[in-house]
Amino acid sequence: MDDRLPRQATAADLRALAHPLSWRILRLCLDSAWTNQQLAKRLEESPATVLRRVHALAEAGFLVAEPARRSDLGAWERPYRTTRRTWHLDLDQAGDPALTARVELATLDAHRAEMLEADPTSIQQTRRGVVRLSDEAAAELQSRLDALLDEFVAREEPAGRRHSFLWSVVERPGEPDIAED
């Protein structure tokens, strides 16, 4: 399957991604393979908790196990690496709006955790705002941002510094227009 094309999320996909720890594991396993023990130590979580998330992600195809290797102490360990299958995963029509919302909130929670772990001076930009757009203009905005993000992901530079980003759009509930004096 071409990872550049949208792929419809399944219920199993949503369950695997509905926890912030899943997204943090995927981010860590993006650049290099990590073992369950390494992930648990880095994320300050119990190995059993991390293992449950790793198994769910691997079963859903978001992580792939690399060949087993010997640790520094001689024990066998299995490292995992992300498959990047989340990049164009379409959550919108997955059939479970509540579970889809949990996945969206999990991505926010994971990004927040990354921001809290970062050096405060490393936060380069946060923008927040509200725009009033027609359905057509909102679709154009989404399409143009998707294309821009795809362009920068495709030009990834191995020697470059990693930049975490989060793009989120929420349609606000109707608010009355404010009359001007």
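Under the condition of being open to solvent by 70 Å² or more (accessible area, probe 1.4 Å) and at pLDDT below 85, which residue from segment 70-82 is farthest from the chain's Cα centre (by Cα)?
73
Sort out which residues of segment 20-54 are over 23 Å from residue 104 (Cβ atoms) and open to solvent by 40 Å² or more (accessible area, probe 1.4 Å), and write them in order of number.
31, 32, 34, 37, 38, 41, 42, 44, 46, 47, 48, 51
Which condition breaks for residue 85 when tested against (1) touching a Lys or Arg at 6+ places or on another chain (Cβ under 6 Å); (2) surrounded by 15 or more Cβ atoms within 10 Å (Cβ to Cβ)?
(1)
Take segment 88-97 and flag every residue that is more than 13 Å from residue 10 (Cβ to Cβ) and open to solvent by less than 70 Å² (accessible area, probe 1.4 Å).
Answer for segment 88-97, where residues must be more than 13 Å from residue 10 (Cβ to Cβ) and open to solvent by less than 70 Å² (accessible area, probe 1.4 Å): just 88.
Residues in segment 98-147 that are hydroxyl-bearing (Ser, Thr, Tyr), at pLDDT 85 or above and more than 22 Å from residue 26 (Cα to Cα): how many?
2
Can you name the residue in segment 60-69 that is out of contact with any Phe, Trp or Tyr (no Cβ under 6 Å at 6 or more places or on another chain) and not acidic (Asp, Glu) and, of all such residues, is least open to solvent (accessible area, probe 1.4 Å)?
Looking at residues that are out of contact with any Phe, Trp or Tyr (no Cβ under 6 Å at 6 or more places or on another chain) and not acidic (Asp, Glu), I get 62.
The values are calculated or read from the model by the stated rules, or taken from the named source; none is laboratory data. Small disclaimer: the values here were computed from a predicted structure and weren't measured. Glycine gets a Cβ as well: all are built from the backbone with ideal geometry, and neighbour counts include every protein chain shown. The accessibility values were calculated without ligands, DNA or RNA, using every heavy atom of the protein model including side chains. Shrake-Rupley method; radii C 1.70, N 1.55, O 1.52, S 1.80 Å.
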